[in-house]
Each structure stands twice: as structure tokens, then as C-alpha cells.
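Chemist: Before I ask anything, here is the structure I am working with.
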Amino acid sequence: MEERMGNRDENGLLQGLESEAGRDASAVDAAIAGWTAAYSTAGGKIFCGKGCSGCCSLAVNCTLPEALRVAELLTEGQKRSVLEHGEKIVERLPDVRDLKEYLRMHRDELGRCPLLESDGSCGVYAVRPLSCRSLISTKESRWCSTDFAALDAAEKRTFVESLDTSAVAFPTHYAAFPQQAALAREEAAERLMKETFGFSLSGNLRYLLFVEVAHGIGRTVSRGFDATATFLFSKGLLLPFVLDLK
Ligand code: SF4
């Protein structure tokens, strides 16, 4: 790995951003633990636990440094899963017309995260991105994989009326505070990347991993915005919904 890091990141700038992502993760974990303890003391209940992987079918977004932290620890088997998964995204995405269709395709066609283990645990738990850390469910895990578009009006009303509106990011059943804490860190990370390289790159976790494993995006970012945009464009990787280059 040292040789690879030396090639792609001579000044250690990218490594610095990845280290910062690690500190962000620890800070968000601590904030969420404090919030969860206070919520439980006040009578609230959190339903997240090892193996309940309903939220791992959702579209998870993260910054490039977060994705690179994950990519560095992937096993050969995980890399193969990421490559298969990424190829499906590249094949399917040009036909997707809008965000709603993208989210439907993500849930119904791509399905579970390629890093999910067969027992429902996360295969990269220690380095999972902020988006994964901050989805904290105030309802049973079946609600994390429910297709709300398929519910009838009465079922939707019953669900909405059951929410703890003092805690959730309404109208979802996920706690609001953890997501706010993560978002603040993600925005700070994007600013830091912009200050460091003149641009920021974030997007869908699965796709960013594919772009790194298959094409080594980490070797390009230190050459700046134009070089990165040209690299992505020339390889047909600059796709909507899954990449945010700015
Ligand atoms: S990285 Fe881990 S926690 Fe996040 S979606 Fe994938 S399996 Fe789930």
C-alpha cells in the first residue's frame, strides 16, 4: 500500500483528508452515542443492531476521502463484488430519467450493498461512511426496507402517525440529530477537499468504490479539477445521481 500511496499522493494530501474522515467518524459516533443515551433515558427506543441490514439497500452517499478509506481495506472478494456492482450501475444509469427512477432502480435492481456480509453485518464496519453511521432507526428494521410507494393511503397515515416527531427527520423514522451531525461533518469535509485540491468529489458509495477499484480515481485528484473531470469523462464515468464533482 505504501508504494501505491506514494504514487498517487506524493505530498500526503489525500492521506490527510482520509485521516480527517476517520476523525469525523469518531466524532460523529461519540455524538450519536450521547444522543442515543439521552433518548433512551427519556423513554425513546432505538432499533438498530448487528444483522438488521434494511438500510443497506438504500443509496448511501459519501465523500471521496471516505470512500478511499473503505477502498484501501477491501478484500479481493469485496473488490470483485464492487466491480460487478459498479458495472451494473454503469450499464443501467444512462437509461434512468430522474431521481425517483434512480432511487427505485437502486432499491429494486441493485439491491443490497456489495459490502454486506451473508449474516447481515457490514463487511467494512470500522470504516463505513458517515451516512451509514448516522441512519438510526426509531422503528423496527422492517421499516428500513419498506417500499413506501407501495403502501396504500391508510398504511402511510398509520406509519406517519406512529412517528416520534420530536426525534425523527419527519416524515422518515430515522432520528434527525445523527443525520444533522453527519451532514455538518460531510460539508466540512467537502470544504476541506476544495481548499486542498480546488474541487470536491462525493457521490454514491458503491460507485465511488467502483471508480477507485476499477480506475484508480485516487491517483488523479491531486492533479486538480480539470484533470479529474477529463479523466472521468474520457472513461464514461461522469454519470448523474452517483457523482457530484464541483
Ligand atoms: S457500507 Fe456497510 S453499513 Fe454501509 S450500506 Fe454497505 S454494508 Fe451497509
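The values are calculated or read from the model by the stated rules, or taken from the named source; none is laboratory data. Nothing here was measured: the structure is a model prediction, and the numbers come from that model. Positions of Cβ are backbone-derived with ideal geometry, glycine not excepted, and every protein chain shown enters the neighbour counts. SASA here: full protein model, heavy atoms, side chains in, ligands and nucleic acids out. Shrake-Rupley method; radii C 1.70, N 1.55, O 1.52, S 1.80 Å.
Chemist: Treating each Cα of the chain as an identical point scatterer and ignoring solvent, apply the Debye formula and state log10 I(q)/I(0) at q = 0.10, 0.11, 0.16 Å⁻¹.
Modeler: -0.50, -0.61, -1.25
Chemist: What residues qualify as long-range amide H neighbours of L243, i.e. H under 5 Å apart, gap of 5 or more or another chain, H built at 1.01 Å from N?
Modeler: N204
Chemist: When ligands, DNA and RNA are left out and all protein chains stay put, how many square angstrom of accessible area per residue does the chain have with a 1.4 Å probe?
Modeler: 51 Å²
Chemist: Leaving out ligands, DNA and RNA, what percent of the accessible area of the chain is carbon and sulfur, probe 1.4 Å?
Modeler: Reported share for carbon and sulfur atoms: 52 percent.
Chemist: To continue, here is another question. Roughly how many nanometres apart are two label points built 7 Å out from the Cα toward the Cβ at A38 and R107?
Modeler: The two pseudo-label positions are separated by 3.1 nm.
Chemist: Let me ask something else about it. For region 108-214, state the average projected area of the convex hull of the C-alpha atoms over all orientations, rounded to one decimal in nm².
Modeler: For region 108-214, the mean projected area of the Cα convex hull comes to 9.0 nm².
Chemist: While we're on this one: So what are the three principal axis dimensions of region 39-106 from its Cα atoms, in whole Å, longest to shortest?
Modeler: Projected onto its principal axes, the Cα set of region 39-106 covers 48, 33, 23 Å.
Chemist: Run the dipole for region 117-219 about the Cα centre, Lys and Arg Cβ at +1, Asp and Glu Cβ at -1, nothing else charged, and hand back the magnitude in debye, nearest 20.
Modeler: Here the size comes out at about 280 debye.
Chemist: For E76 paired with L99, estimate the spin-label separation in nm (one decimal), with each label point 7 Å from Cα along the Cα-to-Cβ line.
Modeler: 4.2 nm
Chemist: While we're here: Assuming 0.36 nm per residue, please report the length gained on full extension of the stretch K235 to D119 beyond their Cα-Cα distance.
Modeler: 38.2 nm
Chemist: Note down the nm distance, to one decimal, between modelled labels 7 Å out along Cα→Cβ at E155 and at A126.
Modeler: My value for the distance between the label points is 4.1 nm.
Chemist: Give the calculated FRET efficiency between E187 and S222 to the nearest 0.05, with a Förster radius of 25 Å applied to their Cβ-Cβ distance.
Modeler: Taking R0 as 25 Å, the efficiency between E187 and S222 is 0.70.
Chemist: Let me ask something else. For the pair N11 and E84, what calculated FRET efficiency results from E = 1/(1 + (r/R0)^6), where r is the Cβ-Cβ distance and R0 = 41 Å, to the nearest 0.05?
Modeler: Result of the calculation: an efficiency of 0.75.
Chemist: Past 25 Å, Cα to Cα: identify those pairs from K79/K235; K45/K79; K50/K79, in the order given.
Modeler: K45/K79
Chemist: Expressed as a whole number of Å, what is the distance separating the alpha-carbon centroids of region 172-246 and region 33-108?
Modeler: Region 33-108 and region 172-246 have Cα centres separated by 15 Å.
Chemist: Using 0.36 nm per residue of separation minus the Cα-Cα distance, give me the extension gain between E140 and K246 in nm, one decimal.
Modeler: Gain on stretching E140 to K246: 34.4 nm.
Chemist: If you don't mind, there's one more thing I want to ask. In sequence order, what are the phi-derived ³J(HN,Hα) couplings for region 11-28 according to the Karplus relation 6.51 cos²θ - 1.76 cosθ + 1.60 with θ = phi - 60°, rounded to whole Hz, with x for glycine and proline?
Modeler: 8, x, 5, 5, 4, x, 5, 5, 5, 4, 4, x, 5, 4, 4, 5, 5, 5
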